[in-house]
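The values are calculated or read from the model by the stated rules, or taken from the named source; none is laboratory data. The structure displayed is predicted, hence computed values, not measured ones. Using ideal geometry, Cβ is built from the backbone for each residue, glycine included, and neighbour counts are taken over all protein chains shown.
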Amino acid sequence: MTRQGQVARFPVSFLGRIELLLLGCVRMKPIVQISLDLTNIDEALETAALARRAGVDWLEAGTPLILAEGLHGVRELREAFPDVPIVADLKTMDGGYLEAEMMARAGATQVVVMARAHEETIKCVVQAGKDFGCEVMGDNLGCPDMVDGAKRLADLGCGYVIHHIGYDERRGIAAAGNRMPSPLDQLREVVDAVDVPVQAVGGLSLEEAITCPQYGAPLVVLGAPLTVDADAFKTADGDLESSLRLICDAVHSQEVSSS
């Protein structure tokens, strides 16, 4: 169990990465990650426990939870789930080394830095990740060229790319009468542009999220509070845990598509 002030260090195998010597690249089996976009740690812990029973692989301390509970929330998650990867969605823009260090010490196994941050900030987060045993996920939200943003993150040392269409962006474009963009629009291009695992985030339905491995993106993200919006995953008794188990089974049964 990680104690306060103790560096969280985990082997790569713990993080769910499967090394396959295929064309010299590291391949990854599909992973289900639940984003705990909640503002109360007790509710987050309850949701996380349900998710783990249903087969979810990774837990994410979503930005609302970090804003509400901070390092305490990440520590509580680590104490309750000592052997589970925990993503801290910091959306770091500055002060990269300190933010990553603090979250790693609290028990996070991955932290998130933004592609729109200065190059030096991204480098600092990557260095902190090396120093404190924490992996780095780079988020291309808001980039004028999403593919170039993803490439920049990978080139600067991020171990994962989050291809992300923001909430405000989607709603604003739709409110103006235009088609709402989807991360699936350029997902294959992003996957082909980088040599690290990719996840797609932003307005996806459950059915769309589950297709991400078919685009070559192994990390499937579900949001919590979880709404089962696909008839295929609604159980007769309406049990949320059973529905989530069906979703996890559907993701885990896939092979990640190659380019």
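So, A150, is that one in contact with a strand residue (DSSP E or B) (Cβ under 8 Å, 6 or more places away or on another chain) and assigned to a helix (DSSP H, G or I) or not? So A150 passes the test.
Within region 86-136, being without any contact (Cβ under 8 Å) to a residue 60 or more places away in the chain, assigned to a loop (DSSP other than H, G, I, E, B) and of a type outside the set (A, V, I, L, M) holds for D94, G95, R116, H118.
Look at (1) within 19 Å of W58 (Cα to Cα); (2) modelled with pLDDT under 95 and you find that G203 fails only one, number (1). Considered as a group, the residues in region 72-104 that are touching a Lys or Arg at 6+ places or on another chain (Cβ under 8 Å) and either charged (D, E, K, R) or under 21 Å from L45 (Cβ atoms) (or both) include one that is surrounded by the most Cβ atoms within 10 Å (Cβ to Cβ), and that residue is I86. Taking the criterion of being part of a helix (DSSP H, G or I) and crowded, with 21+ Cβ neighbours inside 10 Å, the only residue of region 55-65 that qualifies is L65.
Within region 160-195, being within 20 Å of V32 (Cα to Cα) and surrounded by 19 or more Cβ atoms within 10 Å (Cβ to Cβ) holds for Y160, V161, I162, H163, H164, I165, P183, L184, L187, V190, V191. Of all residues in region 65-84, those that are within 11 Å of A108 (Cβ to Cβ) and of a type outside the set (F, W, Y) have Cβ atoms under 8 Å from Cβ atoms of residues that are modelled with pLDDT under 95 and surrounded by fewer than 17 Cβ atoms within 10 Å (Cβ to Cβ), 6 or more apart or on another chain, in R75/Q4; R78/M1. Which ones in region 156-188 are out of contact with any strand residue (DSSP E or B) (no Cβ under 8 Å at 6 or more places or on another chain), more than 20 Å from C212 (Cβ to Cβ), hydrophobic (A, V, I, L, M, F, W, C) and not in a helix (DSSP H, G or I)? Residue satisfying the conditions is A176 alone. Among the residues examined, R78 qualifies as out of contact with any Cys (no Cβ under 8 Å at 6 or more places or on another chain), at pLDDT 50 or above and among the charged types (D, E, K, R). Touching a residue at least 40 places away in the same chain (Cβ under 8 Å), under 17 Å from the mean Cα position of the chain (by Cα) and part of a helix (DSSP H, G or I): does that describe V191? Judged against the criteria, V191 is a match.
Let me confirm something: among G133, G107, which residue is of a type outside the set (S, T, Y) and buried (at least 20 other Cβ atoms within 10 Å of the Cβ)? Result: G107 is the single residue among G133, G107 that is of a type outside the set (S, T, Y) and buried (at least 20 other Cβ atoms within 10 Å of the Cβ).
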